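The values are calculated or read from the model by the stated rules, or taken from the named source; none is laboratory data. Keep in mind that what you see is a predicted model, and the values were worked out from it rather than measured. All Cβ positions, even for glycine, are placed from backbone atoms using ideal geometry, and neighbour counts span all protein chains on display.
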């Protein structure tokens, strides 16, 4: 049987990492500066449509990752508190 140990620090670090990914997505160029390469016409309109979907989805993903990251950081703290409380219930050291 596989045994996996995850510490509070790992959960909190995951939260920080998710926030960094969200920041990176928010800072990513949307490609509109490259529109000139397509010229005019249908290809240009299709590119504009693609960009608007990319921009919308990229920002929605960034928001979701930031929210998940915040929750992971809170969970890391709760994990430590719960472990400490359970340890005390079984005669472990008090703070």
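Listed values, structure above:
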read-out: Total residues in segment 83-95, condition surrounded by 13 or more Cβ atoms within 10 Å (Cβ to Cβ) and touching a helix residue (DSSP H, G or I) at 6+ places or on another chain (Cβ under 9 Å); value: 1
read-out: Filter result for the condition that a residue is touching a helix residue (DSSP H, G or I) at 6+ places or on another chain (Cβ under 9 Å), modelled with pLDDT of 90 or more, assigned to a helix (DSSP H, G or I) and surrounded by 12 or more Cβ atoms within 10 Å (Cβ to Cβ), over 63, 26; value: 63
read-out: Matching entry among 80, 21 (being modelled with pLDDT of 85 or more and surrounded by 13 or more Cβ atoms within 10 Å (Cβ to Cβ)); value: 21
